[in-house]
Amino acid sequence: MSTTNEALRQWVENTAALTRPDNIHWCDGSEQEYNSLIDLMLKRGDLIRLNDSTYPDCYLHRSDPTDVARVEHLTFVCPQSKDDAGTNNNWMAPDEAHRKMDGLFEGCMHGRTMYVIPYCMGPIDSPYARCGVEITDSPYVVANMKLMTRMGTAALRRIERENSFVRGLHSTGDLSPERRFIMHFPEELLIQSIGSGYGGNALLGKKCHALRIASWQARHEGWLAEHMLIVEVESPQGERHYLAAAFPSACGKTNLAMLIPPASMPGWKVRTLGDDIAWLHLDGDGRLRAINPESGFFGVAPGTNQETNRNAFEMIRHDTIFTNVAVTANNEPWWEGKDEERPAIDWQGRPWDKAQGPAAHPNSRFTVAARQNPGYSPLTDDPAGVPISAIIFGGRRRELAPLVYEAKSWRHGVLVGASVASETTAAATGAVGVTRRDPMAMKPFCGYNFGDYWQHWLSFGDRSKNLPKVFHVNWFRKGSNGEFLWPGFGDNLRVLRWIIDRCAGRAIARETPIGYLPRPEDLDLEGLEIAPAVIDSLLTVDKGSWRDEMTAIAGYFGELGSRVPAELLEEHKRVVKTLA
Ligand code: GTP
Ligand code: SPV
Ligand code: MN
């Protein structure tokens, strides 16, 4: 197989000349191809078959122990102008970056097969979808791309029709952290990644294309590419709402997208459209419509169980690739928070020893096709996407941020999003539990200057009077004993219910300087055992602490330089005044 597209044919040829693979394989995306790659990886020891009677067609992959998460310090955005990347990104001059990467790619596929993966981000017949081609020497990447994207012949045909695609070149190289880089050239619609075989560093359709490059394109074309889940909530009366929520990595998107209603809320239905990325476009009525560019989940394993996320737990019982989980004596996958059984072998393949830390890596993951989710929404495949009623921001904050509040306007909502802070997680290398700013949950993923990004967000306020309401939630408040105050997971539907009622103009709220909050009696707390004092503290706005927070936010905006929009700074001033 090859292609009628001259630009693609040439690029593949040039890349082969540079990297010198033994073979070139054009991926067609068939089941047969997937199965033969699995067989190859089993033979090579890249995959281990898990218990075939309890976890049929499930496999374990162990990545290099130095290569288990995203690497923000090795990720660069390289437009011609440093200011266009912003201080929120690492930048290298494109010429220098090209020289460096060409040197590293030289001959790197010798003795390997080069796979050419045409893929489509979004429903193949959607005007909002975009195509890309990833070239990689990793069969693990090919198998993951098959589960995560619409990959193969249909995507190639669309590329040939449109004659436009994002290029992604990936090699695991020698897996040395010294020779590991993830580079983005937004002006060339080009990604180059070497030295990692892990998740967002290597599956280039995901963070590299669908967020960093797409956010750059979206700004120029008037849409948004965001780190957001998309979820459908249907009330017992049959009223349906679609919500989009941006939480930083490992802060609850997959779980909220797959929520199971609590027993005390019979008749409520929740269906999943996406768990990580949303592309948002204004439609003819000025509503924001969302599509999920992905077609699979690369989800956090630890914490997943029958109680927290039953849908996910069932979904990953077959045809799933696990990465860096532990295994039981019975050869089943295991992770912290999976209460059944006990681990026998840890994520590095060693006999399990408590003294050596967690059995599963805290950022161990499952890769699975979205259709396996019992809560799959068929609208996921609708080329027109779904109209969004509310945008929800959130983070992991043990203090300060209340359970939920509503922004007073679009402009205020942009400020709330730009101010998101969260404790760092194992999804990226580096310290865990350190509170940092993660605006719109896009700190690691915005492919351009945050100042320009917020200006772009604000511009939607001029383009439509029909925008979603904006909210902020925090499931992660802790008491003095270090325990979570809010039960979270399924019970988060109680908060979504209030949000939906606000969107429909039904729910009451009290006004505070930071936004509108429910009174305890405005939340559906039936069947929930929680002390009234706890609810009170979850819904408290402490003015003094919020004055400090607003000062910290001003300091953060100051660090980002002159492109931070004046309108955003004015909005900040307005909130500060009401806190006085
Ligand atoms: P990425 O895939 O990294 O973008 O992460 P995500 O936002 O999809 O995070 P995910 O839903 O996988 O959750 C990460 C961790 O947070 C898991 O260990 C969950 O068990 C835990 N978690 C999710 N929702 C809640 C919640 O409501 N309360 C508490 N306490 N923990 C939660
Ligand atoms: C995240 O870190 O936000 C993820 C996992 O969704 S990765 O694809 O590795 O970026
Ligand atoms: Mn993510």
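The values are calculated or read from the model by the stated rules, or taken from the named source; none is laboratory data. Only a predicted model underlies this, so the values are computations on that prediction, with no experimental measurement involved. Glycine gets a Cβ as well: all are built from the backbone with ideal geometry, and neighbour counts include every protein chain shown. The accessibility values were calculated without ligands, DNA or RNA, using every heavy atom of the protein model including side chains. Shrake-Rupley method; radii C 1.70, N 1.55, O 1.52, S 1.80 Å.
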### Summary
Here the residues within the range 301-328 that are in contact with an Asp or Glu (Cβ under 8 Å, 6 or more places away or on another chain) and away from ligand 1 (no atom under 16 Å from the Cβ) are His318, Asp319, Thr328
### Query
Going by the conditions given, is Gly337 in the same structural domain as Pro387 (by TED's automatic domain parsing), free of Cβ contacts under 8 Å to residues at least 40 places away in the same chain and more than 16 Å from the chain's Cα centre (by Cα)?
no
### Query
Within the range 516-552, which residues are touching a helix residue (DSSP H, G or I) at 6+ places or on another chain (Cβ under 8 Å) and either under 18 Å from Ser264 (Cβ atoms) or of a type in the set (Phe, Trp, Tyr) (or both)?
Tyr516, Pro518, Pro520, Asp522, Leu523, Asp524, Leu525, Leu528, Pro532, Ile535, Trp546
### Task
Could you check, for the range 358-373, whether at least one of its residues is open to solvent by 30 Å² or more (accessible area, probe 1.4 Å) and modelled with pLDDT under 95?
no
#### Entry: Residue that is most open to solvent (accessible area, probe 1.4 Å), among those in the range 1-49 that are charged (D, E, K, R) and within 16 Å of Ala143 (Cβ to Cβ)
Lys43
### Query
Of the residues Glu232, Glu226, which is charged (D, E, K, R), under 26 Å from His472 (Cα atoms) and within 12 Å of ligand 3 (Cβ to nearest atom)?
Glu226
### Task
State whether the residues of the range 332-348 include one that is in contact with a Pro (Cβ under 8 Å, 6 or more places away or on another chain), open to solvent by less than 10 Å² (accessible area, probe 1.4 Å), outside any loop (DSSP other than H, G, I, E, B) and away from ligand 1 (no atom under 13 Å from the Cβ).
no
### Task
Pull up the range 438-470, narrow it to residues that are within 16 Å of ligand 2 (Cβ to nearest atom) and part of a loop (DSSP other than H, G, I, E, B), then point me to the one that is farthest from Val416 (Cα to Cα).
Gly447
### Which listed residue is free of Cβ contacts under 8 Å to residues at least 40 places away in the same chain, more than 28 Å from Asp285 (Cα to Cα) and not β-branched (Val, Ile, Thr), from Gly430, Gly395, Gly482, Gly447
Gly482
### Task
Give the residue that is farthest from Lys269 (Cα to Cα), with candidates limited to residues of the range 471-515 that are in a loop (DSSP other than H, G, I, E, B) and basic (Lys, Arg).
Arg477
### Message
Given the criteria at positive phi and buried (at least 17 other Cβ atoms within 10 Å of the Cβ), does Gly505 qualify?
### Response
no
### Query
Taking the range 480-510 as the region of interest, how many residues are closer than 19 Å to Gly238 by Cα and either of a type in the set (D, E, K, R) or within 16 Å of ligand 3 (Cβ to nearest atom) (or both)?
5
### Query
Among (1) out of contact with any Ser or Thr (no Cβ under 7 Å at 6 or more places or on another chain); (2) under 19 Å from Gly197 (Cα atoms), which single condition is Tyr128 missing?
(2)
#### Entry: Filter result for the condition that a residue is under 20 Å from the mean Cα position of the chain (by Cα) and farther than 30 Å from Thr540 by Cβ, over Gly303, Gly357, Gly375
Gly375
### strands (runs of 3 or more DSSP E) within the range 253-329 that include 2 or more residues open to solvent by 10 Å² or more (accessible area, probe 1.4 Å) and in contact (Cβ under 8 Å) with a residue 40 or more places away in the chain
269-274, 278-282, 296-300
### Query
Can you tell me which residue in the range 496-513 is nearest to Thr435 (Cα to Cα), limited to those that are in contact with an Asp or Glu (Cβ under 9 Å, 6 or more places away or on another chain) and not charged (D, E, K, R)?
Ile499
### Message
Anything in the range 468-494 that is loosely packed, with under 15 Cβ neighbours inside 10 Å and within 16 Å of ligand 1 (Cβ to nearest atom)? List them, or say none.
### Response
Lys478, Gly479, Asn481, Gly482, Glu483, Phe484, Pro487
### Task
Return yes when Lys465 is surrounded by fewer than 15 Cβ atoms within 10 Å (Cβ to Cβ) and not small (Gly, Ala, Ser) and no when it is not.
yes
### Query
Quick check, is Ala202 buried (at least 22 other Cβ atoms within 10 Å of the Cβ) and not assigned by TED's automatic domain parsing to the domain that holds Gly505?
yes
### Query
Of all strands (runs of 3 or more DSSP E) completely enclosed by the range 133-212, which ones contain at least 3 residues that are more than 19 Å from the chain's Cα centre (by Cα)?
166-171, 190-194
### Query
For the range 28-48, how many residues are within 23 Å of Thr153 (Cα to Cα) and either in contact with a Gly (Cβ under 6 Å, 6 or more places away or on another chain) or of a type in the set (Gly, Ala, Ser) (or both)?
4
### Task
Kindly list the number of the only condition in (1) open to solvent by 30 Å² or more (accessible area, probe 1.4 Å); (2) at pLDDT 95 or above; (3) in contact with a helix residue (DSSP H, G or I) (Cβ under 9 Å, 6 or more places away or on another chain) that fails for Gly561.
(2)
### Message
Exactly one of these conditions fails for Gly107: (1) over 23 Å from the mean Cα position of the chain (by Cα); (2) crowded, with 24+ Cβ neighbours inside 10 Å. Give me its number.
### Response
(2)
### Query
Applying the selection to the range 230-247, what residues are within 13 Å of ligand 1 (Cβ to nearest atom) and either over 16 Å from Val495 (Cβ atoms) or not in a strand (DSSP E or B) (or both)?
Ile230, Phe247
### Message
Looking at the range 1-32 only, could you name the residues that are among the polar types (S, T, N, Q) and free of Cβ contacts under 8 Å to residues at least 60 places away in the same chain?
### Response
Ser2, Gln10, Asn14, Gln32
